[in-house]
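Working notes for the structure below.
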Amino acid sequence: MSMDLSALGIEAGSYLLVIAIFVLLLTGQPLAWVTGLVALVFTFGWFGPMALPLVTARIFGFITEYSLVAIPMFILMAALLDRSGIARSLFNGMRILAGRLPGGVAVQTLIVAILMAAMSGVIGGEIVLLGILALPQMLRLGYDRNLSIGVVCAGGSLGTMMPPSIVLIIYGLVANTSIADLFVAAITPALLLLGFYVAYVLFLCWRNPDLGPPMSREDAAQESLFSALRSLAAPLFIVFVVLGSIYGGIASITEAAAMGVSAVMIIALMRRELTAKIIQDSLVHTLETCGMIIWIGIAAAVLVGVYNLMGGNRFVAQAILGIDAAPVVIIMVMMLILLVLGMFLDWIGIALLTLPIFVPIVVQLGYDPIWFGILFAVNMQVSYLTPPFGPAAFYLKSVAPKEITLKHIYTALLPFIALQLVVLATILFFPPIATWLI
């Protein structure tokens, strides 16, 4: 006996679809399997067994998208950076900049984080690496625990904003907008967010130096200026290769990703750090991460395609555009929806499920999809910190001292979440911040 879900109508069908996804997620199953199962049920339940070509066409259309080629390259580059000593040298080389400034090591950590983000655009590894390198040093120097945790998690999450961000690549792919323009537009907001973090740390430590005690003369003198600059040379060269080739028009996003991997491997080889074990571990990590992205993408592509054929895109568009309010209020409603989803879902799933519906509405309202892409990236950065999902907290917990609990981490993140929301509001009400470079 076959079921006919089309008899429900699009409104009831939409509610049933959303409820089914959240109920199945509570079972602990991966998002890709949940989304895929719901997609298949609604495909055959709404259109019947003859709708199988719809599923295969959506899958083929997604996996043959050329822009996807850049993702494994950037993930491989991040994996190689994490496992070689290049990122560690970057942190040690920045020690000279900390000096004896109150809060200096925290500021140093944030600057290292933005440079690491500019090298790879992948987030989880940065938080783990900073948790291993920076957190113990700040705690040893007597830094406030909450400030240290917040700096590591918030700084490590800057990869969602700073080009070559994987978030921006996925947005450009789904929204059919220029990834190069997204990279250019993201620079100012990323630096603005970094500036907010640095200003917050310096203000706190200026008011109360005990929160971030200055380094002693002995600690500050451990690294000479020459050795510090030498340690910074390799990371800055990688940033130049990746971003310089994109902005200089020398290479496309995909080609720049491959150039970045080559640069990291050459530098690691020159430093005698490139071993068969590092290459193997990096490749395995890349395959695992790409597999997750592809499976979520396949399931989401099918679900969104079926929902659109059901008339869901028109239903959602009419519901949102039917709000009797100014267009900016509609954008704020979208941001609120994304913030709520970010508390429970991975950003990849959020992007692939919501953007095909939201972006056409944004364009219909007369807004620039590039600007909305930057808003989306900031929003997803908030999702990295917000409980109960907040992957940044789990990344840090995996390497933090045992006495630091998830409760400590989430409490420490609250001021930084507030700063992210301030930046989100600033870009929302002052769009030129995100678009003036393009």
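Take the Cβ-Cβ distance between Leu321 and Phe429 as r, set R0 to 25 Å, and report the resulting FRET efficiency rounded to the nearest 0.05.
Efficiency at R0 = 25 Å is approximately 0.75.
Can you give the angle from 0 to 90° between the axis of helix 52-63 and the longest principal axis of the chain, with both taken from C-alpha atoms, to the nearest 10?
Tilt relative to the chain: about 20 degrees.
Show Ile337, Ile179, Ile149 ordered by accessible area, largest first, where the area counts protein heavy atoms only and the probe is 1.4 Å.
Ile337, Ile179, Ile149
Give me the 1.4 Å probe accessible area per residue for the chain, excluding ligands and nucleic acids, in Å².
Accessible surface, normalised per residue, equals 42 Å².
Ranking request for peptides 46-57, 75-86, 131-142, 159-170: highest mean number of other beta-carbon atoms within 10 Å first, then the rest in descending order.
Ranked from most to least packed, the peptides come out as 159-170, 75-86, 131-142, 46-57.
Please report the carbon-and-sulfur percent of the accessible area for segment 282-354; probe 1.4 Å, protein heavy atoms only, DNA, RNA and ligands left out.
With neighbouring chains kept in place, the figure for segment 282-354 is 74 percent.
Please report the relative contact order for the chain, taking Cα pairs under 8 Å with a sequence separation of at least 6, and give it as a percent rounded to a whole number.
25 percent
Work out the FRET efficiency for Val329 and Leu54 from their Cβ-Cβ distance, taking R0 = 41 Å, and round it to the nearest 0.05.
According to the calculation, E is roughly 0.70.
Please report, in debye to the nearest 20, how large the charge dipole of the chain is about its Cα centre when each Lys and Arg carries +1 at its beta carbon and each Asp and Glu carries -1 there.
The dipole magnitude comes to about 880 debye.
Out of Leu385, Val112, Ala134, whose Cα points farthest toward the positive end of the dipole of the chain (charges: +1 Lys, Arg; -1 Asp, Glu; placed on Cβ)?
Ala134
Please list Phe196, Phe60, Phe394 from largest to smallest accessible area, probe radius 1.4 Å, with all protein chains kept in place.
So the residues, ranked largest to smallest area, are Phe60, Phe394, Phe196.
Taking R0 as 41 Å, what's the FRET efficiency between Lys402 and Val41 from their Cβ-Cβ distance, rounded to 0.05?
According to the calculation, E is roughly 0.40.
With each run of n ≥ 4 DSSP H residues scored as -39500 (n - 2.57), what mean residue ellipticity at 222 nm is computed for the chain after dividing by its residue count and rounding to the nearest 500 deg cm²/dmol?
-24000 deg cm²/dmol
Which value, in Å² and to the nearest 10, is the accessible area of Leu287 when all protein chains are kept and the probe is 1.4 Å?
For Leu287, solvent-accessible area is about 130 Å².
Across segment 263-271, in residue order, what do the Karplus-derived ³J(HN,Hα) couplings come to in whole Hz, using 6.51 cos²θ - 1.76 cosθ + 1.60 with θ = phi - 60° and x for Gly and Pro?
4, 4, 5, 5, 5, 4, 5, 5, 7
If I ignore ligands, DNA and RNA and count only protein heavy atoms, how much of Lys397 is accessible to a 1.4 Å probe, in Å² to the nearest 10?
70 Å²
The values are calculated or read from the model by the stated rules, or taken from the named source; none is laboratory data. Keep in mind it's a predicted model, so treat the numbers as computed, not measured. Don't worry about glycine lacking a Cβ; one is built from the backbone with ideal geometry, like all the others, and counts go over all protein chains shown. Keep in mind that these areas ignore ligands, DNA and RNA; they rest on the heavy atoms of the full protein, side chains included. Shrake-Rupley method; radii C 1.70, N 1.55, O 1.52, S 1.80 Å.
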